[in-house]
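To start, the structure itself, in structure tokens.
None of the figures in this text is laboratory data; all of them are computed from the coordinates on show. Here the structure is a predicted model, which is why all the values come from computation and not from measurement. Backbone-built Cβ (ideal geometry, glycine too); neighbour counts: all protein chains shown.
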């Protein structure tokens, strides 16, 4: 945790967005009490009590009646003297109050400056500070739970445990170096050290691997809808979104570019992309759209291949190749126009899954690349709203997202992920050194490097001001 360091300046900023009935203006810094006394004409503010005051301008004109709460250091969000003004949410009122605050000595806050001060004053570590931004930006239950876990110190607790173990081992090895004249003296059992190092590597690797899940949940699961022209892709997108988002027409090639929107299924955000229809065409614009379709397939985690007739073997093979390491849902559309809608017609070699089975099939090998593809199938009518609920459940199942609680540690930050990857290098050198009986001083040095690298996540090893500015610059004003 960072050493407490109070700023000489007092900052102010609105902490709520426009459009509501009530606005909150936040103040933090050494002159906080003087400023709220000056703006309200009230001499005494009992800590952590709501005080009803009248805020006036320099000429004594009433701006608004408001509630002011004062938080003396260190019992505030930032660890400094701080206050919050609750006023009516008129843009004019908020602007007038901010002008009076700056007139009395406050400085407009920069993005993330309140949370940065909280970090610098030891109120939270850097991982928790970053979780504040994630919590504000959370758009569904899963992202909210992940942010809450990190804000409550989930990843910090894991890293502190790893660091404590590494510190203990480093201390034992350094103690051996102090008694280096006794060549046979070992304070650290090499077998125990090797086993613990391997356990630490596994823990670091597990955290790094969780980033794939964390990133998918945070950014949304990519789902691309593909198929020939006029097969019903835009109709399906509109049905899933519950609105007329894409143009529907009987004319071939109506959709010439990708159309993207999101829905939430079981607390998880899915990003749906409707693409240009796949067909042979001489239209240059339509060809560009088809190329973007292939790019959308590459970027997706789940591909919905919409068909209304028997696909050829070449079409099946092409789609399998393009969907390697993805989940492919083959969807027969327009079943309302068929006398006997069934998936059995597609043959046992590729479509062995019955329509009622929503489970993902066993992995099928794409022999040319030695990769895998997960295939499932079902039948729907996008136009008549038949089978859409089953399709949504199949899409959610294909995402394969584990149930996440506030106690689960999931890495969502690319910065954390990059640090975890770097931390694997020195701990791997430790394991290699222990198996080859490398001298203790070199092992200790790599253990220290592992500790230093991991501590970058919580901020214990971060000192450059530019690094902190980079981290906090994406925060909103008032946080």
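When a/c reaches 1.5 or more, the comparison of a/b and b/c decides; with that in mind, is region 410-454 rounded, prolate or oblate per its Cα gyration tensor?
Prolate, since a/c reaches 1.5 and a/b exceeds b/c.
Explain nothing, just the number: relative contact order of region 11-124, from Cα pairs under 8 Å at least 6 residues apart, as a whole percent.
31 percent
Could you rank the peptides 229-237, 318-326, 27-35 by their average count of other C-beta atoms within 10 Å per residue, with the highest value first?
Most protected by this proxy first, the peptides run 229-237, 27-35, 318-326.
Mind ranking 17-23, 62-68 by how tightly packed they are, going by the mean number of other C-beta atoms within 10 angstrom, highest first?
So the order, starting with the most tightly packed, is 62-68, 17-23.
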